[in-house]
Amino acid sequence: MQKQDSTHRQKGQHLTSLERRKVAGFRQAGKSNRWIAAEIGVCPQTINNEIKRGTVDQVKKSNGKRVYHRQYLPEAAQARYETARLSCHRPDKFASVQVFLAWYVQRAKQDKWSPDASIGYAKRHKLFTPEELVCASTLYQYIDDQRLEIRNIDLLEKTKRKTSHQHHTKAKRLAGRSIEERPKVV
């Protein structure tokens, strides 16, 4: 493996399934957690947490008796990681604000109200509690995601405005040596 002139692992990244398989292989080879951490390029505590996450109790029958032993399985660790990732974000408010959304759709269809105007009106006249309302950007996001009966074409101002485009800048310096500079033997 080429260690010089290659990119380093970015800080704060989660372990990938490939790295979890590497951890399992190094553990079977008898390497220490600190050695594994240095090899992968993470903090030793990350490896300790990973081993706790992926260690499962295995049952094996030997001569008619059950023998229990603990083993690190990268698949179990990956499954546990993905399960935890499902609940690590703010829950969607769409289901709890259906009354307001129905009211907004009615106002938008009949009176051609914009999302900002309807939210301002609802707040000013206290038609809904703050828990029953969403902000204007969330309402626009629901329209963009087509979660409402209203589409962007129904909004008077939104179709007039110019959409902004993201410009990606090319990397100024590429990481690692170029292929032309590498030895011919490789």
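Condition first: closer than 24 Å to Ile47 by Cβ and basic (Lys, Arg). Now tell me which residues in the stretch 78-103 satisfy that.
Arg80, Arg85
Return the total of residues in the stretch 43-79 being part of a strand (DSSP E or B) and not acidic (Asp, Glu).
15
Given the conditions (1) of a type in the set (Lys, Arg); (2) in contact with an Asp or Glu (Cβ under 8 Å, 6 or more places away or on another chain); (3) within 30 Å of Ile143 (Cα to Cα), and given that Lys93 satisfies all but one, which numbered condition is not satisfied?
(2)
Which one of these is farther than 30 Å from Lys158 by Cα and surrounded by 18 or more Cβ atoms within 10 Å (Cβ to Cβ): Arg20, Arg34?
Exactly one of Arg20, Arg34 is farther than 30 Å from Lys158 by Cα and surrounded by 18 or more Cβ atoms within 10 Å (Cβ to Cβ), namely Arg20.
Would you call Arg124 at pLDDT 95 or above and among the charged types (D, E, K, R)?
For Arg124, the condition - at pLDDT 95 or above and among the charged types (D, E, K, R) - is met.
For the stretch 94-127, what are the residues that are over 22 Å from Asp154 (Cβ atoms) and touching a residue at least 24 places away in the same chain (Cβ under 8 Å)?
Ser96
Go through the stretch 134-185 and give me each residue that's more than 24 Å from Leu101 (Cβ to Cβ) and touching a Ser or Thr at 6+ places or on another chain (Cβ under 8 Å).
Ala175, Gly176
Among the residues of the stretch 119-136, which ones are in contact with a helix residue (DSSP H, G or I) (Cβ under 9 Å, 6 or more places away or on another chain) and hydroxyl-bearing (Ser, Thr, Tyr)?
Tyr121
From the list Val134, Val99, pick out the single residue that is surrounded by 16 or more Cβ atoms within 10 Å (Cβ to Cβ) and either among the β-branched types (Val, Ile, Thr) or at pLDDT 95 or above (or both).
Val134
Kindly list the number of the only condition in (1) surrounded by 10 or more Cβ atoms within 10 Å (Cβ to Cβ); (2) touching a residue at least 24 places away in the same chain (Cβ under 8 Å); (3) farther than 30 Å from Tyr121 by Cα; (4) not charged (D, E, K, R) that fails for His8.
Every listed condition holds for His8 apart from (1).
Among the helices (runs of 4 or more DSSP H) contained in the stretch 80-186, which hold 2 or more residues that are closer than 30 Å to His14 by Cα and within 32 Å of the chain's Cα centre (by Cα)? Give the steps one after another, and end with the answer.
Numbers: elements: 98-111, 115-124, 136-144.
In the stretch 80-186, 136-144 are the helices (runs of 4 or more DSSP H) which contain 2 or more residues that are closer than 30 Å to His14 by Cα and within 32 Å of the chain's Cα centre (by Cα).
Quick check on the stretch 150-186: of everything there that is hydroxyl-bearing (Ser, Thr, Tyr) and out of contact with any helix residue (DSSP H, G or I) (no Cβ under 9 Å at 6 or more places or on another chain), which residue is nearest to Ser118 (Cα to Cα)?
Kept after step one, since they are hydroxyl-bearing (Ser, Thr, Tyr), are these residues of the stretch 150-186: 159, 163-164, 169, 178.
From what is left, the residues that are out of contact with any helix residue (DSSP H, G or I) (no Cβ under 9 Å at 6 or more places or on another chain) are 163-164, 169, 178.
On the way: Thr163: 23, Ser164: 25, Thr169: 39, Ser178: 57 Å.
If we take residues in the stretch 150-186 being hydroxyl-bearing (Ser, Thr, Tyr) and out of contact with any helix residue (DSSP H, G or I) (no Cβ under 9 Å at 6 or more places or on another chain), then Thr163 is nearest to Ser118 (Cα to Cα).
The values are calculated or read from the model by the stated rules, or taken from the named source; none is laboratory data. Values in this document were obtained by computation on a predicted structure and should not be read as measured data. We place every Cβ from the backbone using ideal geometry, glycine too, and count neighbours over all the protein chains shown.
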